[in-house]
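A.B. asks: One structure coming up, written as structure tokens, with questions to follow.
The values are calculated or read from the model by the stated rules, or taken from the named source; none is laboratory data. Owing to the predicted nature of the structure, the values given are computational and were not obtained by experimental measurement. Glycine gets a Cβ as well: all are built from the backbone with ideal geometry, and neighbour counts include every protein chain shown. Surface accessibility is based on the protein's heavy atoms, side chains included, excluding ligands, DNA and RNA. Shrake-Rupley method; radii C 1.70, N 1.55, O 1.52, S 1.80 Å.
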Amino acid sequence: MQKKTTDILIIGAGLTGLTLAYYLKQLNISVTLVEARHRIGGRIYTKQNNNQAPVELGATWFVNEHSALIKLLKTLHLDIFEQYYGTTAIYEPSKANPPQLINLPHSNQANYRIKNGTQSIINALCNELEAHQIITDCAIASIERRDGYILAKSESYEFECKHIVSTLPPYLFDKTIPIEPQLPQELKELLQNTHTWMHDSIKVGFTFAVPFWKGERTSGTIYSNVSVLQEFYDHSNADENLYALVGFMNKDVYSHTREERQELALKQLEQYYGNEVRNFLSYEELVWQDERYTTASRDGFIMPQQNNGHPLFQNSYLDEALFIAGTETSTYASGKMEGAVRSAQQVFRQIKSLL
């Protein structure tokens, strides 16, 4: 087992963890990120295929009010562009009523995407760090407060550090990492009853050579109350020369195979566009319920956004050695990329004040 010493250990190399490490660069301290997956990015994942539009299978959209994220994007010299919805949408209200083309109401609030895919912000933050600072395939198995330091163990490493920041979804953190001494009971109950963003989502996308949904009397914006694709949107790239449709699939088809989900989606799209949908270039999907480093099995139902941004998440624990961060902990825009960035800012301020 390798032994490593670091001032700050960050668990999770998603947007919060990488942003926090980026901010901590300005302090004269050592920072190490550990990521259980082989890839970095957490709930940001852009599937890139050669000569095809990037397909967002995780976090995607943001708005003008998400100022912390937008400022970070500008600092990293990343461009953004407006999501295209068009003026109409295909709407399927019920099984008794056929799909219909409806006019979309005018909205003063635009949604934006990151040019070349949301993964761009992950890659840019990673490039700001040293290669040795990020260790992948490293799942923390335990945390123990000792006299003068805190010890975190994985299968291959022992990390001795001054502070640990978990950026895991709170529920996953509680379920997968035992801590000694135990955290306050009030906090443990909070962790066990905090909703995890994306935990039961299924995101899917098709890439195409031709954007046939941009013709007259049709649309690339789809809403359905009854079919397998519940929300679908135009996902063409910023240069509008690579084309895709991407969105959310009904979570009830979780037990189906990938091939079955693909066929169900194609049959639905055929109702709207005809057999041209069969000429797709690629089908991509991510069933977030299968992501063991995003969610854990649970008993019972937790309401969406339940306990997100709770005041207890703003505190430190184990004598100011442990911090709990991540988008679910943010008091503003929890569950969004903005929340992830603001959570990193909050913990950075706390750590800076201690040092």
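A.B. asks: What tally of residues in region 7-35 results from selecting those that are buried (at least 20 other Cβ atoms within 10 Å of the Cβ) and assigned to a loop (DSSP other than H, G, I, E, B)?
C.D. replies: 4
A.B. asks: Let me ask something else. Taking the criterion of being surrounded by 16 or more Cβ atoms within 10 Å (Cβ to Cβ), assigned to a loop (DSSP other than H, G, I, E, B) and touching a residue at least 40 places away in the same chain (Cβ under 8 Å), would at least one residue in region 94-104 satisfy it?
C.D. replies: yes
A.B. asks: Does at least one position in region 163-178 carry a residue that is under 18 Å from ILE10 (Cβ atoms), β-branched (Val, Ile, Thr) and open to solvent by 20 Å² or more (accessible area, probe 1.4 Å)?
C.D. replies: Yes - at least one qualifying residue is present in region 163-178.
A.B. asks: If LYS188 satisfies every condition in (1) surrounded by fewer than 18 Cβ atoms within 10 Å (Cβ to Cβ); (2) in contact with a Lys or Arg (Cβ under 8 Å, 6 or more places away or on another chain); (3) assigned to a helix (DSSP H, G or I); (4) of a type outside the set (Gly, Ala, Ser) but one, which is the exception?
C.D. replies: With respect to (1) surrounded by fewer than 18 Cβ atoms within 10 Å (Cβ to Cβ); (2) in contact with a Lys or Arg (Cβ under 8 Å, 6 or more places away or on another chain); (3) assigned to a helix (DSSP H, G or I); (4) of a type outside the set (Gly, Ala, Ser), LYS188 is out only on (2).
A.B. asks: Continuing with the same structure: Given the structure, is ASN225 more than 24 Å from the chain's Cα centre (by Cα), open to solvent by 50 Å² or more (accessible area, probe 1.4 Å), over 22 Å from THR118 (Cα atoms) and not β-branched (Val, Ile, Thr)?
C.D. replies: In short, yes.
A.B. asks: Only residues that are under 22 Å from the mean Cα position of the chain (by Cα) and surrounded by 14 or more Cβ atoms within 10 Å (Cβ to Cβ): list them for region 129-162, please.
C.D. replies: Listed by number, the residues that qualify are LEU129, GLN133, ILE134, ILE135, CYS138, ALA139, ILE140.
A.B. asks: Does region 315-345 hold any residues that are polar (S, T, N, Q) and either touching a strand residue (DSSP E or B) at 6+ places or on another chain (Cβ under 9 Å) or part of a helix (DSSP H, G or I) (or both), and which are they?
C.D. replies: Of everything in region 315-345, those that are polar (S, T, N, Q) and either touching a strand residue (DSSP E or B) at 6+ places or on another chain (Cβ under 9 Å) or part of a helix (DSSP H, G or I) (or both) turn out to be ASN315, SER316, THR327, THR329, SER343, GLN345.
A.B. asks: Additional query: Going by what's in this entry, would TYR233 be described as among the hydroxyl-bearing types (Ser, Thr, Tyr), farther than 20 Å from ILE44 by Cβ and surrounded by 15 or more Cβ atoms within 10 Å (Cβ to Cβ)?
C.D. replies: No.
A.B. asks: Further, regarding this structure: Take the residues of region 106-128 that are farther than 20 Å from LEU57 by Cα and in contact with a strand residue (DSSP E or B) (Cβ under 7 Å, 6 or more places away or on another chain): which is least open to solvent (accessible area, probe 1.4 Å)? Step through it out loud before you land on a result.
C.D. replies: Within region 106-128, the subset farther than 20 Å from LEU57 by Cα is 106-110, 127-128.
Within this subset, residues satisfying the condition of being in contact with a strand residue (DSSP E or B) (Cβ under 7 Å, 6 or more places away or on another chain) are 109-110.
Details: GLN109: 97, ALA110: 18 Å².
Checked region 106-128; the qualifying residue least open to solvent (accessible area, probe 1.4 Å) is ALA110.
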